[in-house]
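*Asks:* Got a structure for you, written out below as structure tokens; questions coming shortly.
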Amino acid sequence: MSAPTILTRRLTKQYGETKVVNTLDLRTSAGEVFGLLGPNGAGKTTTILMLLGMVEPTSGDIEVLGLDPARNPLAVKSRVGYLPDAVGFYPDLTGRENLRFTAELNRLSRTEADRRIDSLLVDVGLVDSGDRPVGVYSRGMKQRLGIADALIKRPEILILDEPTTAIDPEGVAEILGLIRRLAKDEGVTILLSSHLLHQVQAVCDRVAIFVKGRVVAQGAPHELATDSKGPEEVEISVGADEADVRAALANQKFLRSLKPGRLPRSYLIEVEHGSTNKLVSSLVEAGLPLTSVRRLSEDLDEVYRRYFHAEEATASV
Amino acid sequence: MSDATAPMHAIAMADEGLGHGWRVVARKEFADHLRSIRFLVLAAILAIVTAATVVAAAGGIRSVASQAMGIPGIFLRLLTLESPPVPFPFIFVLMNFLGPFLGIAFGFDAISSEKSAGTLPRLLAQPIHRDEVIIGKFVAGLSIIGMMLIATTIFITGLGMFRLGLSPTAGEIGRLFVWVVVAIIYVGFWLALSILLSTRAGVATSILASLGLWLVLIFFGSFIFSAAANLVAPSDDAVAVAKAEILLSRISPAVLFSEASTVLLDPTQRTVDLVTVEQADRAILSNLTLNQSLSVVWPQVVGLVAITTVLFGFAFVSFMRQEIRA
């Protein structure tokens, strides 16, 4: 295994009595896309700020590219790009001028900066808006500009805090594609935080699920989604009444429970592990017109909800 | 949000080289100021007020031209003389209104606007020390104020030459130059004050608080100082009370600036202290050189520099000790 790009050991940040980040162990390597997932207030942003040396840890160790960010903040910040949550720019300056300011702070020469800015504006899809003041940008355009801003210094690590919020679905796909390309082609380590799990699922090599400052699960998204041996929950929409559905499934042993779903003529069905396909074929054989099937446990959303409940249960013991 | 464990390491500035970042910040801030509407508005107000007060003063000097010619430093009276229809001399307006406004205008949103626009986390994630941000902003503000005050002084000189038909002597130019440096430091006090408030309060709160302090210091200052003087000095001794009041009032930068200006702009002024009738009676009239004037008000100048520096120090520490979050 190559040297880790980010390494934390028992990293803890405490405000008063509250442990915002609790004994966190993380390890990423070059070219990896790592997702920090969790609800707002789970400690994701605090973790990121500690990695950048902007918040001092209460205890534990951090190494970013082999450096301690608390001791060498400048060395770390010159090699790590950061897109903050709700990124802001100077509204009276144009996109290009904003980027030029960042380039200057990173000691890029004027010509180098201009060349870099031109290519980054293309990458993030802002070629036409680069010379307009940021005050007229939409939230999504600012987000794109923020990604360009974080990339100006040619970072070895790119940290993105909620990079896809406020971007339209098509834009999200573009941005995630760009992130993926940076990791695979240029070997940039990417750490991204998000609460939008299914978006991130597609792009991350590994994820850590954060709940109340603790990592409750860590691994590749598909591993996390299927590591449970418990029952599977499926939401189906079907053009039939509950009685018909019950009749169709009457003699099936895999059925654990059936109850109405959130929408009319949708049902939440719990089946034994690995039986979703059987459920669907039973319904089709019975001639019921299925309109949608969603395996809830397949989603990270569900994984995340499961861990969240488990965590609350242990907390109350 | 403040935090006792905030990054003290950032205060140690020697390790990775201070010097690049603050210049970049200062250059950007200076350019922003120059392009701002706020700059245009202030420059226009400054020009109008200067023209009005100085033209009126020139008129006053011309009306007594026959006696005026022999007076030393007559050219400098353009700043200190009031003459109808304008009720205040330039120096009074600068001290009480324009100076504070200039300082507050270029500082009240220094840090708070970065916070409200969400640019601060991004800025602090760049390879610069945090101190460079606030130093850069202070330097930029002071530069623009310096530029405006120097331009104003040149404008006054031009107006004076035109209205009075005489050129300032080398001595008068020297006095103007020293005076404008002191004026910049005085406005720097208001700049440091408003930057300090901007590190802790939002944009609106920091401008309100700055203006509130201006109101108290400028309009109620003398009342407060005389009340305090009556407490500390024996009330039956009028001279002692007056002396105590003068002494106490020197806490105020406006008073220090006023005293320094009076002496620097008038070679016949020999003291800033209370002069009794008996003392004045025996005095032999003579003019001071610039050096002598400067040594009379040296304590005032040092006091102004000290107050401004201490205030900026507070702003610096306040900014360094807070935790910046997205």
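Quick note: the coordinates plus some simple rules give every number you see, no bench work behind them. None of these values were measured; they are calculated from a predicted model. Every residue, glycine as well, gets a Cβ built from its backbone with ideal geometry; the counts of neighbours run over all protein chains shown.
*Asks:* For A:V55, which sequence-distant residues (separation of 5 or more, or a different chain) have an amide H within less than 5 Å of its own amide H, given hydrogens modelled in the peptide plane?
*Replies:* A:M50
*Asks:* Can you give me the Kirkwood hydrodynamic radius for the stretch B:170-315, using every pair of distinct Cα atoms, in Å to one decimal?
*Replies:* 17.0 Å
*Asks:* What pairs from A:K13/A:K184; A:K13/B:K137; A:K77/B:K115; A:K13/B:K28 go past 26 Å between their alpha carbons?
*Replies:* From A:K13/A:K184; A:K13/B:K137; A:K77/B:K115; A:K13/B:K28, over 26 Å: A:K13/A:K184; A:K13/B:K137; A:K13/B:K28.
*Asks:* Can you work out the Karplus-derived ³J(HN,Hα) for every residue in the stretch A:252-259? Use 6.51 cos²θ - 1.76 cosθ + 1.60 with θ = phi - 60°, whole Hz, and x for glycine or proline.
*Replies:* Here the 3J(HN,Hα) series is 8, 6, 6, 6, 9, 7, 8, 8 Hz.
*Asks:* A:R9: net charge of surrounding residues, Cβ under 13 Å, Lys/Arg +1, Asp/Glu -1, itself excluded?
*Replies:* Around A:R9, the surrounding residues sum to -2.
*Asks:* Considering amide H positions built from the backbone, and no H for Pro or chain starts, which residues 5 or more places from A:S29, or on another chain, come under 5 Å of its amide H?
*Replies:* A:T5
*Asks:* Find out how many positive minus negative residues lie around A:R265, taking Lys and Arg as positive, Asp and Glu as negative, among other residues whose Cβ is under 12 Å from that of A:R265.
*Replies:* Cβ neighbours under 12 Å give a net charge of -3.
*Asks:* Could I ask something else about it? Between A:F101, A:F210, A:F34, find the one with the highest GNM mean-square fluctuation for chain A; connect C-alpha pairs within less than 10 Å.
*Replies:* Judging by the Gaussian network model, the answer is A:F101.
*Asks:* Pairing the Cα long axis of helix A:169-186 with the longest principal axis of chain A, what angle in degrees results, from 0 to 90 and rounded to the nearest 10?
*Replies:* Tilt relative to chain A: about 60 degrees.
*Asks:* Over chain B, with a Gaussian network built from C-alpha contacts below 10 Å, which listed residue (B:G202, B:G60, B:G165) shows the highest mean-square fluctuation?
*Replies:* Greatest mean-square fluctuation among the candidates belongs to B:G165.
*Asks:* Can you give the Rg/Rh ratio of chain A, where Rg is from the C-alpha atoms and Rh is the Kirkwood radius?
*Replies:* Rg/Rh for chain A comes to 1.06.
*Asks:* Quick one: compute the contact order of chain A, relative version, from alpha carbon pairs under 8 angstrom and 6+ residues apart, as a percent.
*Replies:* 19 percent
*Asks:* Normalise the Debye intensity by I(0) for the stretch A:1-101, one equal point scatterer per Cα, no solvent, then take log10 at q = 0.12 Å⁻¹ and round to two decimals.
*Replies:* The calculated log intensity ratios at q = 0.12 Å⁻¹ are -0.46.
*Asks:* Follow-up question, since we're still on this one. Provide the net charge surrounding A:L178, with neighbours chosen by a C-beta distance below 10 Å and charges set as Lys +1, Arg +1, Asp -1, Glu -1.
*Replies:* So the environment of A:L178 carries a net charge of +1.
*Asks:* Then there's this: What percent antiparallel are the DSSP beta bridges of chain A, to the nearest 5?
*Replies:* Of the beta bridges lying entirely in chain A, close to 65 percent run antiparallel.
*Asks:* Another question, if that's okay. Out of all DSSP beta bridges with both ends in the protein assembly as shown, state the antiparallel percent to the nearest 5.
*Replies:* Around 70 percent antiparallel, to the nearest 5.
*Asks:* Hey, another quick one. Considering amide H positions built from the backbone, and no H for Pro or chain starts, which residues 5 or more places from A:D85, or on another chain, come under 5 Å of its amide H?
*Replies:* Result for A:D85 returns A:D161.
*Asks:* Translational diffusion coefficient, Stokes-Einstein: compute it for the protein assembly as shown using the Kirkwood radius over C-alpha pairs as Rh, at 37 °C and 0.692 mPa s, and state it as an integer in µm² s⁻¹.
*Replies:* 111 µm²/s
*Asks:* In addition: For the stretch B:32-171, just the Cα set please: Rg and Dmax, both in angstrom.
*Replies:* 19.7, 67
*Asks:* Kindly write out, for the stretch B:36-53 in residue order, the coupling ³J(HN,Hα) from the Karplus curve 6.51 cos²θ - 1.76 cosθ + 1.60 (θ = phi - 60°), rounded to whole Hz, with x marking Gly and Pro.
*Replies:* Using θ = phi - 60°, the values come out as 7, 5, 4, 5, 4, 4, 5, 5, 5, 4, 4, 5, 5, 5, 4, 4, 4, 5 Hz.
*Asks:* Continuing with the same structure: How large is ³J(HN,Hα), in whole Hz, for each residue of the stretch B:89-98 in order, when computed from phi with the Karplus curve 6.51 cos²θ - 1.76 cosθ + 1.60 and θ = phi - 60°, using x for Gly and Pro?
*Replies:* Once rounded to whole Hz, the list reads x, 3, 4, 5, 5, 5, 5, 8, 10, 5.
*Asks:* With runs of 4+ DSSP H residues as the only contributors, calculate the mean residue ellipticity of chain B at 222 nm using -39,500 (n - 2.57) per run, divided by the residue total and rounded to the nearest 500.
*Replies:* Dividing the helical sum by the residues of chain B leaves -22000 deg cm²/dmol.
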